[in-house]
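Structure first, then comments.
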Amino acid sequence: MPDPGQTVLEVRNLKTVFQTRGGEVHAVNDVSFELRPGELLGVVGESGSGKSVTMMSLLKLLPIPPAEIRSGTVKFDGKDLLRVDADTLRAVRGGKIGFVFQDPMTSLNPVFTVGMQLMEPLRKHMGLSKSAARTRARELLELVGIPDAARRLKDYPHQFSGGMRQRVMIAIALACDPKVLIADEPTTALDVTIQAQIIELMKELQERLGMAVIWITHDLGVIAGIADRVLVMYGGQIVEQAPVRELFANPRHPYTAALLKTVPSVRGARADRLTIIEGQPPILNAAPAACPFRDRCERRIERCARENPAREPVGPGHDAACFVAAAEVESAHV
Amino acid sequence: MFDAPATSRKLVEIRDLKMHFPIYKGVFRTRAGAVKAVDGVSFDIYEGETLGLVGESGCGKSTCGRAILRLYDITEGSILMDGVEIGPTPQARLRGMRPKMQMVFQDPQASLNPRMTVQAIIQEPLDEHTTLSAAEKREKVLELMDAVGLNRRFAGRYPHAFSGGQRQRIGIARALALNPRFIVCDEPIAALDVSIQAQVVNLLEDLQRDFGLTYLFISHDLSMVRHIATRVAVMYLGKVVELAGREPLYAEPLHPYTQALLSAVPEADPAMHDDARRIILRGDVPSPANPPQGCNFCTRCPRVMEICRQIDPEYRELRPGRFVACHLYNDDPTTAGATAAPSEATEPQQGE
Ligand SMILES: Nc1ncnc2c1ncn2[C@@H]1O[C@H](COP(=O)(O)OP(=O)(O)OP(=O)(O)O)[C@@H](O)[C@H]1O
Ligand SMILES: Nc1ncnc2c1ncn2[C@@H]1O[C@H](COP(=O)(O)OP(=O)(O)OP(=O)(O)O)[C@@H](O)[C@H]1O
Ligand SMILES: [Mg+2]
Ligand SMILES: [Mg+2]
């Protein structure tokens with residue numbers, strides 16, 4: 001179980017901006033969070049809310065330009081990843097921090113066998129000999145549940161099904177015993193029965209290997225099932241953060257509350273009419289000077305248009321960036 | 001929106017529908033087999049209802065929807081559209097039927113011509129199929145824009161200036177232009193963000209109520225289908241394995257595949273995950289070009305029996321309105337053997 005005192009990764013005041021022909025896109029605005037050893041941190045939020053750009057910024061995986069990391073620190077292993085030299089960063093990427101992306105077909109190289117792609121990080125980061133790397137590659141494929149692993153090492157990505165390719169991606173990410181695994185929508189392209197297989201596998205591996213995981217998804221059902229703690233992003237900011245049960249039982253930010261109501265259920269009560277969030281997501285052409293959700297918010301007050309709320313404590317291990325929610329907590333205490 | 005079919009009148013009747021795509025091999029392009037995308041499907045769609053069609057990627061949902069609208073020349077089978085047989089009808093003679101049946105596609109981005117204005121896109125079917133004057137067409141387009149909640153002032157804009165949800169509204173307005181009775185919605189919300197999905201689903205429900213539309217709603221989102229559908233058909237590898245009213249299907253799925261599929265949907269409530277008994281299926285879906293012998297699900301079925309690997313189970317009406325193709329429910333002792341139909345309600349398999 002996660003230990004609340006320690007952190008493996010600490011992100012402070014991260015700001016990422018894109019320069020485009022249409023002007024600046026403020027994709028990530030002053031994002032701060034930490035990851036604790038062994039925990040599974042879920043990240044949810046609308047399309048374009050900055051989930052992927054945040055995680056790519058941590059490892060400087062974005063093309064610079066058009067991207068620019070304007071400020072922030074990313075503390076990992078006693079260093080600031082935004083300020084280390086290129087060699088150190090390369091050693092961390094795919095080494096101590098592994099990652100899995102949404103579409104396994106674009107992330108695997110079609111012209112190399114799966115075995116070669118698994119062995120490469122083992123030789124590069126762990127300095128294994130060819131035969132030791134091959135043995136380890138076979139073990140990794142077995143670990144992620146691919147039958148007949150020794151033979152499958154010689155196959156090319158297109159010879160695997162979608163679910164198996166995602167398993168291969170996970171095997172590659174796990175190759176160097178990472179302390180942190182970042183998974184960006186790792187099951188979104190998969191069918192539910194295959195998704196269930198992958199989730200089961202990830203939970204088992206996390207327990208066995210004791211790593212911390214950041215899991216990005218737009219699927220609240222997936223989050224409910226796997227996360228210990230959840231970050232909710234909106235308009236390039238973290239608007240709410242809470243342990244998973246607390247978040248679902250007690251959403252405090254109006255965006256989170258509305259989001260939880262828009263998803264129908266397969267087992268619970270069936271609503272006659274779906275709740276909707278009116279309006280469109282914000283245009284991120286400048287650093288926010290007001291609450292990004294205000295135009296769509298049913299609870300907005302006059303102050304929301306003047307100031308961008310900071311995250312304030314609203315419950316046990318729970319904070320939200322909303323003036324109205326903070327005021328409610330305040331008045332409950334007097 | 002209805003618990004029972006709105007009327008008991010059948011608008012669409014499909015019998016033994018097959019759509020096989022030939023596979024050619026080698027320099028002489030000799031025929032080497034076929035992808036059996038839809039392989040003997042039968043069901044009815046009642047007037048005013050929404051029939052949900054669910055199943056995993058590649059199981060044949062889109063092909064089935066397109067075949068019913070005769071966007072393909074089908075391999076075999078009968079399609080009665082409002083009492084008229086259109087299964088074997090040559091394309092040229094289908095023109096008159098086309099306005100009655102329309103389709104809404106998954107990707108609003110890809111299905112709208114980027115060089116046409118919204119006005120032109122919605123008007124195109126009117127140009128093709130009606131003799132309305134230019135002024136009448138323009139007025140009709142504006143009315144359609146009202147109906148789907150698009151601002152009339154946007155008529156002169158191009159698709160790129162709209163959000164995903166708005167683009168899907170344009171696609172829906174276009175599908176409504178010719179006053180259709182039957183619309184195949186092929187994953188109409190899959191490309192949209194969760195907060196926008198609800199807007200489009202509510203719109204489809206409003207339009208159904210206002211215009212008496214009948215939908216075939218194709219989706220892999222089982223919770224959304226539970227919301228919108230009257231009845232639900234579950235497909236696996238080219239066949240319908242189960243069909244039932246929405247409530248009975250979700251409360252008590254009969255086919256082991258339906259059970260696994262429903263149990264695999266993660267519920268957006270952490271409390272429900274604790275006592276969720278997941279059925280984790282092993283292995284992958286076989287290729288529709290080379291389906292297994294016997295039941296198509298026998299390679300992954302947690303309750304597979306000897307007979308399942310030999311004989312393809314018959315699709316039959318087990319109780320009124322409940323159709324299933326599974327040997328577990330075959331009470332004929334000579335085919336089901338001694339293991340016949342264990343009481344499914346007490347089985348630990350139910351992912352509840
Ligand atoms: N290369 C780029 N140039 C300009 N803007 C970009 C670029 N990459 C991302 N963005 C913008 O940054 C914002 C955040 O994007 P990001 O990909 O992080 O969203 P996300 O939350 O991961 O969304 P999704 O759920 O769709 O993956 C969006 O507004 C996006 O348009
Ligand atoms: N024009 C075609 N030629 C050959 N094979 C086809 C063609 N169209 C579809 N198929 C094959 O038929 C099968 C069923 O495809 P279909 O698109 O109907 O599946 P689906 O259930 O709609 O899947 P998805 O959920 O991914 O949209 C697949 O194996 C597909 O590759
Ligand atoms: Mg993303
Ligand atoms: Mg499809």
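Shown for chain A: lysine pairs separated by 8 or more places, or found on different chains, whose C-alpha atoms are under 13 Å apart, numbering 5. Distant-in-sequence amide contacts of A:Tyr234, defined by a placed amide H-H separation under 5 Å and a gap of 5 or more residues or a different chain, comprise A:Val239.
Under 5 Å from the amide H of B:Met235 lie the amide H atoms of B:Val54, B:Gly55, B:Val241, each residue being 5 or more positions distant or on a separate chain, with H modelled from the backbone and absent for Pro and chain starts. D by Stokes-Einstein for chain B, Kirkwood Rh over Cα pairs, 37 °C, 0.692 mPa s: 151 µm²/s. The Cα atoms of segment A:203-334 cover 49, 39, 37 Å along the three principal axes, with the biggest extent listed first. Sequence-ordered 3J(HN,Hα) estimates for segment A:179-190 from the Karplus curve with 6.51, -1.76 and 1.60 and θ = phi - 60° stand at 7, 10, 10, 9, 10, 9, 6, x, 10, 4, 7, 9 Hz, glycine and proline given as x.
Quickly estimate the mean residue ellipticity at 222 nm for chain A, helices only: each DSSP H run with n ≥ 4 gives -39500 (n - 2.57), and the total goes over all residues, rounded to 500.
Mean residue ellipticity, 222 nm, calculated: -10000 deg cm²/dmol.
Here is how the number arises for chain B: DSSP H runs of 4 or more residues each give -39500 (n - 2.57), the sum is divided by the residue count, and the result at 222 nm is -8000 deg cm²/dmol. Taking other residues whose beta carbon is less than 11 angstrom from the beta carbon of A:Arg90, and scoring Lys, Arg as +1 and Asp, Glu as -1, yields +1. Farthest towards the positive end of the charge dipole of segment B:30-134, among the residues B:Ser42, B:Ser133, B:Ala92, is the Cα of B:Ala92, using unit charges on the Cβ of Lys, Arg, Asp and Glu.
For B:Gly40, the residues whose amide H sits under 5 Å from its own are B:Leu17, B:Lys18, B:Met19, ignoring neighbours fewer than 5 places away on the same chain, with H placed 1.01 Å from N. The phi-based Karplus calculation (6.51 cos²θ - 1.76 cosθ + 1.60; θ = phi - 60°) puts the 3J(HN,Hα) values of segment A:17-23 at 10, 9, 8, 10, 4, x, x Hz, whole numbers, x for Gly and Pro.
Surface calculation, 1.4 Å probe, protein heavy atoms: A:Ser265 sits at approximately 20 Å² accessible. What the Cβ-Cβ distance of A:Gln159 and A:Ser331 gives, at R0 = 56 Å and to the nearest 0.05, is a FRET efficiency of 0.35.
GNM remark for chain B: springs join alpha carbons under 10 Å apart, and the peak mean-square fluctuation among B:Gly96, B:Gly165, B:Gly26 falls on B:Gly26. Taken across both chains, chains A and B shield about 3800 Å² of accessible surface from a 1.4 Å probe. With contacts taken as Cα pairs under 8 Å and at least 6 residues apart, chain B reaches a relative contact order of 18 percent. Here, chain A is characterised by an Rg to Rh ratio of 0.99, where Rg is the alpha-carbon radius of gyration and Rh the Kirkwood radius. Helix A:323-333 and the long axis of chain A differ in direction by around 70°, with both axes built from C-alpha atoms. For segment B:1-80, the C-alpha radius of gyration sits at 1.34 times the compact-globule guess of 2.2 N^0.38 Å, with N the residue count. Divide the volume of the convex hull around the Cα atoms of segment A:155-200 by the residue count and you get 81 Å³ per residue. Diffusion coefficient of the protein assembly as shown by Stokes-Einstein, Kirkwood radius over Cα pairs, 10 °C, 1.306 mPa s: 58 µm²/s.
Just the protein heavy atoms count here, and of the accessible area of chain A at 1.4 Å, carbon and sulfur take up 51 percent.
Our summary gives chain A a relative contact order of 20 percent, counting only alpha carbon pairs under 8 angstrom and 6 or more residues apart.
Based on every Cα atom in segment B:227-333, Rg and the maximum pairwise Cα distance Dmax equal 14.5, 43 Å.
In chain A the longest region clear of GluC sites (Glu not before Pro) that are loop-assigned by DSSP and have at most 14 other C-beta atoms within 10 Å covers A:1-277.
With the Cα gyration tensor of segment B:91-170 giving a ≥ b ≥ c as the square roots of its eigenvalues, does the rule (a/c under 1.5 for rounded; else a/b larger than b/c for prolate; else oblate) give rounded, prolate or oblate?
Details: a/c = 1.97, a/b = 1.30, b/c = 1.52.
Oblate, since a/c reaches 1.5 and b/c is not below a/b.
If I compute solvent accessible area with a 1.4 Å probe over the protein chains, what percent of it on segment B:58-206 is carbon and sulfur? After summing per-atom areas, the C and S share lands at 49 percent. For chain B, a Gaussian network of Cα nodes joined below 10 Å ranks B:Arg231, B:Arg31, B:Arg15 by mean-square fluctuation, and the top entry is B:Arg31. Considering segment B:138-202 at the alpha-carbon level, its Rg and Dmax are found to be 11.8, 33 Å.
Between the exposed loop cleavage positions of chain A, defined as trypsin sites (Lys or Arg not before Pro) in a non-H, G, I, E, B DSSP state with at most 13 neighbouring beta-carbon atoms within 10 angstrom, the longest gap is A:155-272.
Accessible area per residue for segment B:113-240 is 34 Å², calculated with a 1.4 Å probe on protein heavy atoms, without ligands, DNA or RNA. Segment B:79-122 and segment B:228-247 have Cα centres spaced 24 Å apart.
Please report the antiparallel percentage of the DSSP beta bridges confined to the protein assembly as shown, to the nearest 5. Write down the numbers at each step before the final one.
Details: 61 of 97 bridges.
Within the protein assembly as shown, antiparallel bridges account for around 65 percent of the total.
Projected over all directions and averaged, the alpha-carbon convex hull of segment A:19-144 occupies 10.2 nm². In sequence order, segment B:300-316 has phi-based couplings of 10, 6, x, 10, 4, 10, 4, 4, 5, 7, 10, 10, 6, x, 6, 8, 9 Hz under the Karplus curve 6.51 cos²θ - 1.76 cosθ + 1.60, θ = phi - 60°, and Gly or Pro positions carry x. With contacts taken as Cα pairs under 8 Å at a separation of at least 6 residues, segment A:205-334 carries a relative contact order of 22 percent. In segment B:247-287, comparing the full protein assembly with the chain on its own, the residues that lose 30 Å² or more of accessible surface at a 1.4 Å probe are B:Ala264, B:Val265, B:Pro266, B:Glu267, B:Ala268, B:Pro270, B:Met272, B:His273, B:Arg278, B:Ile280, B:Leu281, B:Asp284.
Comparing B:Asp82, B:Asp221, B:Asp210 in a Gaussian network model of chain B (Cα springs below 10 Å), the most mobile by mean-square fluctuation is B:Asp210.
The values are calculated or read from the model by the stated rules, or taken from the named source; none is laboratory data. This is a predicted model, so every value here is computed, not measured. Quick reminder, even Gly has a Cβ in these numbers, built from the backbone with ideal geometry, and neighbours come from all protein chains shown. The protein model used for the area step is the full one, side chains on, heavy atoms only, and it has no ligands, DNA or RNA in it. Shrake-Rupley method; radii C 1.70, N 1.55, O 1.52, S 1.80 Å.
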